[in-house]
Structures are given as C-alpha cells and as structure tokens.
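This report concerns only the one structure given below.
The values are calculated or read from the model by the stated rules, or taken from the named source; none is laboratory data. Everything quoted here is computed from the prediction, not taken from an experiment. All Cβ positions, even for glycine, are placed from backbone atoms using ideal geometry, and neighbour counts span all protein chains on display.
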Amino acid sequence: MSLPFDPAELSVKDALKASSDLSDDELDALYESELDGKARKSLLDGLTQLREDLRAAAVAVVEAPAAPAAAEEAPAPEVHPWALCR
C-alpha cells in the first residue's frame, strides 16, 4: 500500500493531524513506515491510539442495537363483568 504521506517529512504533531481521517490499513502502513524509519515513540503511540479509536468505533457500529420496532398495542385483558363490582 502506498502511504498517503511520508511521516519522516512531518513533525509528530503534523503527522498525527494528517492521520486523523485515515483508514485502518493506511494507519497500519504509516505505523510500519515510522517504525522502520525514525521510530518516534510519540508518533507510534499516537498512531496506535488512532487505530484503537477507529477499531472501537467500528465495533460500536456493529454492536449498536437495532431500532425498536413499533410497538403494537396489546389487546386489553378480558375482564369478567363481576370483577368490576368490587
């Protein structure tokens, strides 16, 4: 996979800013590139956090409960006429 940018050319702050909207695969590729290059711990930690956040969001979407179906009105229970006389 080609990288959207070379992390070695950016500061950690700028690299993380540029990484905020990337896909999981792109984040993985950037992580590997940084690991093989400058291996800046702060950037590696930031990319790891972005990947975890992205994966958690994907799990939350998958696990989101379905919208409740429109509730049908339950029929009223039958009441014996003598029960009303109490």
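State all residues of region 1-29 that are basic (Lys, Arg) and farther than 13 Å from ASP45 by Cα; if no residue qualifies, say none.
LYS17
Among the basic types (Lys, Arg), modelled with pLDDT under 95 and surrounded by 14 or more Cβ atoms within 10 Å (Cβ to Cβ): does that describe ARG40? Explain how you work it out, then say what you get.
Values: among the basic types (Lys, Arg): yes; modelled with pLDDT under 95: no; surrounded by 14 or more Cβ atoms within 10 Å (Cβ to Cβ): yes.
The answer is no for ARG40.
Kindly evaluate LEU22 against the criterion of being in contact (Cβ under 8 Å) with a residue 12 or more places away in the chain, buried (at least 17 other Cβ atoms within 10 Å of the Cβ) and touching a Ser or Thr at 6+ places or on another chain (Cβ under 9 Å). Give the derivation first.
On the way: in contact (Cβ under 8 Å) with a residue 12 or more places away in the chain: yes; buried (at least 17 other Cβ atoms within 10 Å of the Cβ): yes; touching a Ser or Thr at 6+ places or on another chain (Cβ under 9 Å): no.
Criteria not met by LEU22.
Go through region 44-77 and count every residue that is more than 30 Å from ALA18 (Cα to Cα) and either at pLDDT 75 or above or within 18 Å of the chain's Cα centre (by Cα) (or both). Can you show your working first?
Initially, region 44-77 is screened for residues more than 30 Å from ALA18 (Cα to Cα), giving 65-77.
The next check asks that each one be either at pLDDT 75 or above or within 18 Å of the chain's Cα centre (by Cα) (or both); those that pass are 65-66.
The number of residues fulfilling the criteria is 2.
Looking at SER42, is it part of a helix (DSSP H, G or I), in contact with a Leu (Cβ under 7 Å, 6 or more places away or on another chain) and polar (S, T, N, Q)? Before the answer, list the steps.
Details: part of a helix (DSSP H, G or I): yes; in contact with a Leu (Cβ under 7 Å, 6 or more places away or on another chain): no; polar (S, T, N, Q): yes.
In short, no.
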